[in-house]
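For reference, the structure discussed in these notes is given below.
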Amino acid sequence: MSETIHAVTTGAARAAVAVIRLSGPEARRIAQSLCQKPLPEPRRAGLRRLVDRDGALLDEALVLVFAAPHSFTGEDVVEFHLHGGRAVVQGALDALGRLGSRPATPGAFSRRAFENGRLSLLQAEGIADLVDADTEAQRRQALRQMSGGLDKVFLSWRGILVHALSRLEASIDFADEDLPETVTAELRQTLVSLADEFAEAAQDRRGEAVRDGFEVALIGAPNAGKSTLFNALLQRDAAIVTAEPGTTRDVLQGELTLAGYRVVLLDTAGLRETGDVIEREGVSRARQRAEGADLRLLLVDGSCALSQSAVEAFDLVRAGDLVVVTKCDLGILSSVANRVADLGTDVVPVSAATSSGCDLARNALLARLAERVEQVLGGGELPAVTRQRHRDILGRASDLLTRAANGFGGPVEFVIEDLRLATRCLDGLTGRIDVEDVLDELFSSFCIGK
Ligand SMILES: Nc1nc2c(ncn2[C@@H]2O[C@H](COP(=O)(O)OP(=O)(O)OP(=O)(O)O)[C@@H](O)[C@H]2O)c(=O)[nH]1
Ligand SMILES: [Mg+2]
C-alpha cells in the first residue's frame with residue numbers, strides 16, 4: 001500500500017495563502033486528527049482550526065477533501081489552504097509528519113495520478129510544461145497536451161496500426177489461404193503512409209521551439225555589428241562591443257517574447273579564418289549554433305566592401321532567413337546592396353549609431369522577426385510532438401513501419417513482428433506500457449508539490 005505524502009503545492013515564496021496537499025490512504029485520518037473535528041464533506045470547503053498534537057493552535061485553514069478515486073492523484077486527497085507565513089506552513093508540515101505522512105518527492109503527486117490511470121504520460125508532460133509556461137504559446141501548447149490533445153493523435157495512429165495487425169494475424173490463422181493481392185497492397189499502402197506521417201512528425205521541431213524557445217542566431221563576419229544589435233534587441237548591455245574584430249568568442253544567449261512566443265537570441269563570434277586558438281573555437285561554435293538555429297540573421301556591414309569572410313558567411317543562409325545590413329548611418333555601398341539582394345532573402349537595413357535610429361531599426365527588425373516566428377510556429381496544423389522523446393520514438397516507429405511495408409512478399413510473421421514493435425513504441429509514448437526509466441526522469445523534473 002502506498003504511503004501518505006504531503007507537500008506545499010504553492011511554492012516556497014512568502015504569500016498570503018499557501019496550499020498543502022495531502023494524498024494517500026491515511027490522508028483523511030491524518031487530516032481529521034489535525035482538525036480535531038469531522039472533516040467537511042468531499043468537495044465542500046470548510047473552515048477548521050488546525051491543532052498540533054499537544055493542543056497548540058497552528059492556524060485557521062480552509063479544508064477541502066477529495067475522495068478517491070475522484071481526485072488529482074486518484075487517492076484520498078485533503079487540501080489545506082493556510083495563511084502563507086513560513087512559520088505557519090512549517091508548523092503544519094511538521095505536524096503532518098508527526099501524524100505519519102511523508103514529505104513528497106518532486107513530481108510524486110503527478111506520478112501517482114499517472115499510476116492510478118488519472119493521466120497519460122503525455123498529459124503529465126503537459127502539466128509540467130504548463131507549470132513552466134511563461135509565454136502565451138507555451139501555455140496554449142501545454143494546455144492542449146494536458147487535456148489529452150496529443151493522446152488523441154497517438155491513439156488514432158495506434159488504432160490504424162492495430163487494425164492492420166489484426167488483419168495480418170487473421171491471415172496466419174487461415175494459413176492455406178493467402179491474403180488476396182488487393183488486401184496486401186492496401187495494407188502495404190497504409191503502412192507506407194503511416195511511416196511517412198511518423199517521419200514527418202519526427203522532423204517537426206515546432207513543438208520544441210515553442211517549449212524551449214525559437215532560436216535566432218546573429219551571424220556574420222567580425223565587426224559586422226552583431227553584438228551591438230544583440231544589445232539593442234535585448235535593451236541591455238549584455239555583450240562586449242569594441243572596434244576590434246574578433247571581440248566575441250563565446251555564444252551569448254538572451255531571451256525575448258515575440259508575438260507570444262519565447263525567442264532565444266544568440267550572439268556569436270565573427271566568422272573568419274584565424275590562427276588564434278580561442279577565436280577558432282568560437283568560430284566553430286558559431287557555425288554549429290547557426291546551423292542548429294531555427295532562424296539566422298546574417299549581418300553584413302553595408303559601409304565597407306565585402307571581405308572574403310563576409311562572403312563565406314553567405315553559405316550559412318537558408319531560405320526564410322533574414323539579412324541585416326548594418327551601419328547604414330555610414331551609407332550603404334551599392335556593391336554590398338547588390339550582392340546581398342542576390343541572396344534572395346528579405347533584407348533589413350539597420351543603424352545602431354544614434355539612439356533614435358537604433359529604436360527605429362530595433363522596432364522594424366523586431367516586427368520582421370515576430371512575423372517570421374509566427375510564420376514558422378503558428379502556421380499549419382498544430383504539431384503532434386512537443387519533445388525530443390516524442391520525435392525519437394516516432395522516428396523509430398517510422399523505420400519499423402517502413403521495414404514492415406518492405407517485408408510483404410516475405411514471411412508475414414516478420415511484418416507482424418515489426419508492427420507489434422511499432423505499436424509498442426507508441427505505447428511507450430503515451431505510457432500505456434512500462435517505461436520505468438522515462439517515468440523516473442520525467443517526474444523528477446517536476447517541482448515538489450506537483
Ligand atoms: N557607425 C556605426 N558603427 C557601428 C554600428 N554598429 C556597430 N558599430 C561599431 O562597429 C564595431 C563592431 O561592433 P560589434 O557589435 O562589436 O561587432 P561584432 O559583429 O559583434 O564583432 P565581433 O564580435 O568581433 O565579431 C564597434 O566599434 C561598433 O561601435 C552602426 O550601426 N553604426
Ligand atoms: Mg561581437
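The values are calculated or read from the model by the stated rules, or taken from the named source; none is laboratory data. Values in this document were obtained by computation on a predicted structure and should not be read as measured data. Virtual Cβ from ideal backbone geometry, glycine too; neighbours counted across all protein chains shown. Keep in mind that these areas ignore ligands, DNA and RNA; they rest on the heavy atoms of the full protein, side chains included. Shrake-Rupley method; radii C 1.70, N 1.55, O 1.52, S 1.80 Å.
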Report, ordered by the first and then the second residue, all pairs with beta carbons closer than 9 Å, sequence separation of six or more or different chains, a first member in region 240-252 that is charged (D, E, K, R), and a second member that is part of a loop (DSSP other than H, G, I, E, B) and within 9 Å of ligand 2 (Cβ to nearest atom).
-> 244/222; 244/223; 249/269; 250/268; 250/269
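Considering 68, 45, which residue is without any contact (Cβ under 8 Å) to a residue 12 or more places away in the chain and either surrounded by fewer than 20 Cβ atoms within 10 Å (Cβ to Cβ) or under 28 Å from residue 107 (Cβ atoms) (or both)?
Numbers: 45 fails: without any contact (Cβ under 8 Å) to a residue 12 or more places away in the chain.
Step by step, each of 68, 45 is checked, and only 68 is without any contact (Cβ under 8 Å) to a residue 12 or more places away in the chain and either surrounded by fewer than 20 Cβ atoms within 10 Å (Cβ to Cβ) or under 28 Å from residue 107 (Cβ atoms) (or both).
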Taking the stated definitions as given, is residue 203 within 16 Å of ligand 1 (Cβ to nearest atom) and at pLDDT below 95?
-> no
Taking only region 380-410 into account, find how many residues are over 21 Å from residue 207 (Cβ atoms), touching a residue at least 24 places away in the same chain (Cβ under 8 Å) and of a type in the set (Gly, Ala, Ser).
-> 2
Go through (1) under 30 Å from residue 200 (Cβ atoms); (2) open to solvent by 10 Å² or more (accessible area, probe 1.4 Å) one by one and return the number of the condition residue 122 breaks.
-> (2)
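Would you please name the residue that is farthest from ligand 1 (Cβ to nearest atom), looking only at residues in region 249-265 that are open to solvent by less than 30 Å² (accessible area, probe 1.4 Å) and out of contact with any strand residue (DSSP E or B) (no Cβ under 6 Å at 6 or more places or on another chain)? Break it down stepwise before answering.
Pass one, region 249-265, residues open to solvent by less than 30 Å² (accessible area, probe 1.4 Å): 254, 256, 258, 260-261, 263-265.
Narrowing further to those that are out of contact with any strand residue (DSSP E or B) (no Cβ under 6 Å at 6 or more places or on another chain): 258, 260.
Values: 258: 21, 260: 29 Å.
If we take residues in region 249-265 being open to solvent by less than 30 Å² (accessible area, probe 1.4 Å) and out of contact with any strand residue (DSSP E or B) (no Cβ under 6 Å at 6 or more places or on another chain), then 260 is farthest from ligand 1 (Cβ to nearest atom).
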With (1) more than 16 Å from ligand 2 (Cβ to nearest atom); (2) assigned to a helix (DSSP H, G or I); (3) in contact (Cβ under 8 Å) with a residue 40 or more places away in the chain; (4) open to solvent by 10 Å² or more (accessible area, probe 1.4 Å) as the list, and residue 229 as the residue in question, which single condition is left unmet?
-> (1)
Are any residues in region 180-220 within 30 Å of residue 272 (Cα to Cα) and open to solvent by less than 10 Å² (accessible area, probe 1.4 Å), and if so, which ones?
-> 209, 213, 214, 216, 217, 218, 219, 220
Those residues of region 295-349 which are polar (S, T, N, Q), closer than 26 Å to residue 373 by Cβ and more than 16 Å from ligand 2 (Cβ to nearest atom), in sequence order = 345
Is there a residue in region 23-33 that is buried (at least 17 other Cβ atoms within 10 Å of the Cβ), within 27 Å of residue 132 (Cβ to Cβ), under 29 Å from the mean Cα position of the chain (by Cα) and assigned by TED's automatic domain parsing to the domain that holds residue 67?
-> yes
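Quick one: would you say residue 128 is among the hydrophobic types (A, V, I, L, M, F, W, C) and surrounded by 13 or more Cβ atoms within 10 Å (Cβ to Cβ)?
Spelling it out, residue 128 is indeed among the hydrophobic types (A, V, I, L, M, F, W, C) and surrounded by 13 or more Cβ atoms within 10 Å (Cβ to Cβ).
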Could you check how many residues of region 232-259 are assigned to a loop (DSSP other than H, G, I, E, B), in contact with a Leu (Cβ under 9 Å, 6 or more places away or on another chain) and more than 8 Å from ligand 2 (Cβ to nearest atom)?
-> 3
Does residue 2 count as within 23 Å of residue 450 (Cβ to Cβ), open to solvent by 20 Å² or more (accessible area, probe 1.4 Å) and polar (S, T, N, Q)?
-> yes
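Test residue 131 against the criterion of being over 15 Å from residue 11 (Cβ atoms), hydrophobic (A, V, I, L, M, F, W, C) and in contact (Cβ under 8 Å) with a residue 12 or more places away in the chain, and give yes or no.
Numbers: over 15 Å from residue 11 (Cβ atoms): no; hydrophobic (A, V, I, L, M, F, W, C): yes; in contact (Cβ under 8 Å) with a residue 12 or more places away in the chain: yes.
Taking the combined requirement at face value, the residue does not satisfy it.
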Which of (1) under 15 Å from residue 387 (Cα atoms); (2) not hydroxyl-bearing (Ser, Thr, Tyr); (3) not assigned by TED's automatic domain parsing to the domain that holds residue 397 does residue 115 not meet, given it meets every other one?
-> (1)
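If I filter region 167-186 for residues that are away from ligand 1 (no atom under 16 Å from the Cβ), touching a strand residue (DSSP E or B) at 6+ places or on another chain (Cβ under 8 Å) and either in the same structural domain as residue 286 (by TED's automatic domain parsing) or more than 30 Å from residue 289 (Cβ to Cβ) (or both), do I get at least one hit? Show your work before the answer.
Within region 167-186, the subset away from ligand 1 (no atom under 16 Å from the Cβ) is 167-186.
Those left that are additionally touching a strand residue (DSSP E or B) at 6+ places or on another chain (Cβ under 8 Å): 184.
Applying the additional criterion that residues be either in the same structural domain as residue 286 (by TED's automatic domain parsing) or more than 30 Å from residue 289 (Cβ to Cβ) (or both) yields 184.
Yes: one or more hits.
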